[in-house]
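Just below is one structure, and these are the notes that go with it.
Throughout, read-outs are computed from the coordinates displayed, never taken from laboratory work. This one's a predicted model, so the numbers in the text were calculated from it and none came from an experiment. A quick note on method: Cβ atoms are made from the backbone with ideal geometry, for glycine too, and the neighbour counts reach across all protein chains shown.
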Amino acid sequence: MRLLKSVVHNHVNVLTSRIFMRSASGTAVVSFGDGSQGALGLPTSLTGVGGDAYEPTRVPGLPSDVTSVSAGHYHSLAVTNNGAVWAWGRNNEVQLGRGALESRATWNDPKRVEGLDQVNVCAAFASGVVSSAIGDDGSLWVWGKSKRGQLGLGKDITEAIVPSRVEALAGEKIVKVSFGWGHALAQTEDGKLFGWGYSADGRIGNLGKALESSPLDSNIDRSSESDQEISSSTIEKAQKLVSEGMEKEKYMPIIWEPFLVEGVEVVDIACGFDHSLVLGRNGVLLSCGSNVYGQLGREKQDMGMFPVDINFHPVSISSGLGHSLAICEVRSSNVTGGARGIVSWGWNRSSQLGRMGPDNVPLVVEGLEGES
């Protein structure tokens with residue numbers, strides 16, 4: 001059996017991992033980590049919806065032709081070869097696409113998402129409270145709940161029990177969407193960039209333009225955290241960030257429908273917890289949003305989308321809770337020729353950067369020389 005792909009897309013997914021493997025008999029999805037919300041898709045334990053897994057464990061009940069998976073905060077999505085989407089995990093925000101009345105005891109059971117029978121899905125993406133699917137015609141479909149405008153369905157629309165098409169993007173051929181804490185970015189086949197949702201810190205664009213700060217902008221200096229806070233776990237810190245955001249939501253600046261971010265053509269996008277990365281067709285890597293942990297890859301908080309101070313050529317990008325990663329063409333004394341390496345910057349409280357050195361400076365992850 002050969003490992004094909006790991007797709008832990010979302011910044012807040014700090015507790016679980018889902019991957020899929022292919023053998024002669026078909027594809028097997030395996031999961032491991034915290035199963036308290038059923039996101040692992042494993043049988044119910046005596047203490048909760050789903051059981052924890054300390055090693056990769058096969059997810060039962062899925063078709064054998066899964067082609068990709070996406071891991072949200074506490075739920076999971078899988079796309080099959082025939083264009084169907086399957087979901088399991090938390091359903092408090094109806095992100096499973098099976099209605100709101102289903103018993104909590106069945107959350108961990110993978111089931112096909114309802115309402116997409118006429119859509120041949122080629123990709124699916126899970127966030128904390130919203131799920132999405134892209135049709136082979138480039139249409140974008142969303143379902144779930146978000147009072148931060150993450151659905152992109154129009155002003156004050158905060159819930160979609162069944163998959164609903166994002167009409168503001170009709171006529172565009174969407175190839176990728178990425179979700180952060182309340183914000184979202186989408187890219188089209190021809191390189192257009194669209195953003196919507198919670199817009200504090202300028203996390204959804206406004207290329208190179210100054211933005212008014214909001215009461216939720218992350219301008220707090222957290223470098224003076226107490227010893228007690230520093231010793232707390234990554235999970236506790238993630239939960240604290242979420243709680244702080246929820247307490248201040250009445251001040252939310254929201255963009256309810258996707259808008260075109262002008263002045264940039266993109267080849268890749270990635271939303272972190274409260275920041276975004278955009279890789280331009282010209283090879284320039286841009287960042288915007290919160291810079292509390294140095295996740296923008298530059299010293300200043302500049303309220304807009306500006307280049308990352310990176311000395312390598314980025315190929316693809318990913319954003320975490322408070323850190324950023326990029327696969328780059330790397331040339332150094334440790335990496336020969338035009339080999340690729342992983343470059344990291346941002347929050348490093350739990351050594352998630354995989355290297356020594358200043359946190360806010362993009363540097364090569366150590367120990368991966370020669371890996372492909």
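Here are the numbers for the structure shown:
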{"item": "Two-site label geometry, ILE157 and ALA170: point separation in nm, points 7 Å out along Cα→Cβ", "result": "1.0"}
{"item": "Label-point gap, in nm, between ASN282 and SER103 - each point 7 angstrom along Cα→Cβ", "result": "5.9"}
{"item": "Other-chain or far-sequence residues with amide H under 5 Å of VAL94's (modelled H)", "result": "none"}
